[in-house]
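The block underneath contains the structure these notes are about, expressed in C-alpha cells.
Since every read-out is calculated from the coordinates, none of them should be taken as a lab result. Quantities reported herein were computed from a predicted structural model and do not represent experimental measurements. Here Cβ is always computed from backbone atoms with ideal geometry, including for glycine, and neighbour counts include all displayed protein chains.
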C-alpha cells in the first residue's frame, strides 16, 4: 500500500513514539525546563495517579511566559499547564494524528491506550518520519547531504 | 586510425551522467503529489526575520508578539541562522537575566538546513524527518530568503494533499 492508504488505515502504533517526559504538577517551571533540556524534548506531560494525562507544558507556553514575566521560572507548573491538548489512541489511524495537530494547532500529540493511560508522544516529527519512509531517495539525499549537517539539533 | 563513430576518451567527449536516469514514478496519489509539488506549494509566508545583532530580549518579544515559534536570522539578506522556541528552552530560559541584552547570534542555531525553492515538498518533509528541524527555511538560487515552512503549514498542506488524493 502507498502513503495515502497507509495514513488512513495504519494505526498510530506504527509510528515511532517518543518517550513521555512526565512531570509533577507541583514542580517549578525551572525544574521542568531542566527536565526538558535533559530529555531534549519540547513538551512535558503532567499525569495523574492513574497515569492519565492531565496537562501539557510546552516550549510555546514557556515562550509566552518568559516574554510576559521572566520571573515565572519559580511558578508552579500546575498554574500554566494546558488541558486542551490533542490526543489519540494507539489504535486510531495515523490520519487522526494529522487531524489532532491541525485542529488543536499543536505539534505534539499525546498517545493513550484503550484505558486512557498515556503510552507515548508523537506529533510532527513522528508524522514526518512516517511520511519520509515513503521517499527513500529524498531521505538518502538528506543523509548523504548536499548541504552540511547541523552540529546541533535545532532550534526550530 | 580511430573510427569516426567511436568516441575518443582523450578528447573528453561529453557523456550525459543522467542519460540512464529514470525519474521515480508513484502510483500512490499522495506520494505523487508530495513529489511533484515544489516546496513553494506549502505556505511559506509571511515569515519573520531579525538581524544577528538583535538582542535576545527583542527576539523573544517578537516571537511572543507574533505568536510564532521561529525567527529567521539574516545578515546582508542571507540566511545565517534561526532562533526558535527550542533555542529559548535550551540556551536562554534559565539564563535570561544574564543574556537578555546579548546579540541573538550567540544563541541562535547556526547554518540551519534549508531547501531550495525548486525542491519538492517531499524534500522539505524529509529534512524535518532526518535532521529533526521543525522549521525549514526556503531560499532561492542566490540564497535569498523566500520563506519558511513551519509545522502548522506542513500539517495544513498534508491535509489538503490527503483531501485532494481522496477526491
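Of all DSSP bridge pairs formed entirely within segment B:42-166, close to 75 percent run antiparallel.
Here is how the number arises for the protein assembly as shown: DSSP H runs of 4 or more residues each give -39500 (n - 2.57), the sum is divided by the residue count, and the result at 222 nm is -9500 deg cm²/dmol.
Put in line by how crowded their Cβ is, counting other Cβ atoms within 10 Å and starting with the fewest, B:63, B:34, A:73, A:90 read A:90, A:73, B:63, B:34. Build a GNM of chain A with springs between Cα atoms under 10 Å apart, and of A:67, A:27, A:132 the one that fluctuates most is A:67.
A Gaussian network model of chain A, with springs between Cα atoms under 10 Å, assigns the largest mean-square fluctuation among A:138, A:40, A:59 to A:138.
Could you list B:47, B:21, B:114 in order of exposure, starting from the residue whose Cβ has the fewest other Cβ atoms within 10 Å? Don't jump to the answer; show the numbers that get you there.
Details: B:47 18, B:21 7, B:114 25.
The order, fewest Cβ neighbours first, is B:21, B:47, B:114.
For chain A, the square roots a ≥ b ≥ c of the C-alpha gyration tensor eigenvalues yield an a/c of 1.5 or more together with a/b not exceeding b/c, which makes the shape oblate. The simple Förster model, with R0 at 35 Å and r as the Cβ-Cβ distance, assigns residue B:110 and residue A:84 a FRET efficiency of 0.50. For segment A:3-144, the share of DSSP beta bridges that are antiparallel, to the nearest 5, is 75%. Tilt of helix A:94-104 relative to the longest C-alpha principal axis of chain A, in degrees (0 to 90, nearest 10)? The helix A:94-104 is inclined about 40 degrees to chain A. Note on residue A:102 and residue A:1: their simple-model spin labels are 1.9 nm apart, each label 7 Å out from Cα toward Cβ. For segment B:42-166, the calculated P(r), taken from all Cα-Cα distances in 5 Å bins from zero up to the bin holding the longest distance, is 2, 11, 21, 23, 18, 12, 7, 3, 2, 1, 0 percent. Look at where the Cα atoms of segment B:70-93 and of segment B:111-129 average out, and the two centres are 18 Å apart. Only beta bridges with both residues in the protein assembly as shown are counted; by DSSP, about 75 percent of them are antiparallel. Could you tell me which of rounded, prolate or oblate describes the protein assembly as shown, using a ≥ b ≥ c as the square roots of the eigenvalues of the alpha-carbon gyration tensor, with rounded for a/c under 1.5 and, failing that, prolate when a/b is larger than b/c and oblate otherwise? Here the protein assembly as shown falls in the oblate category.
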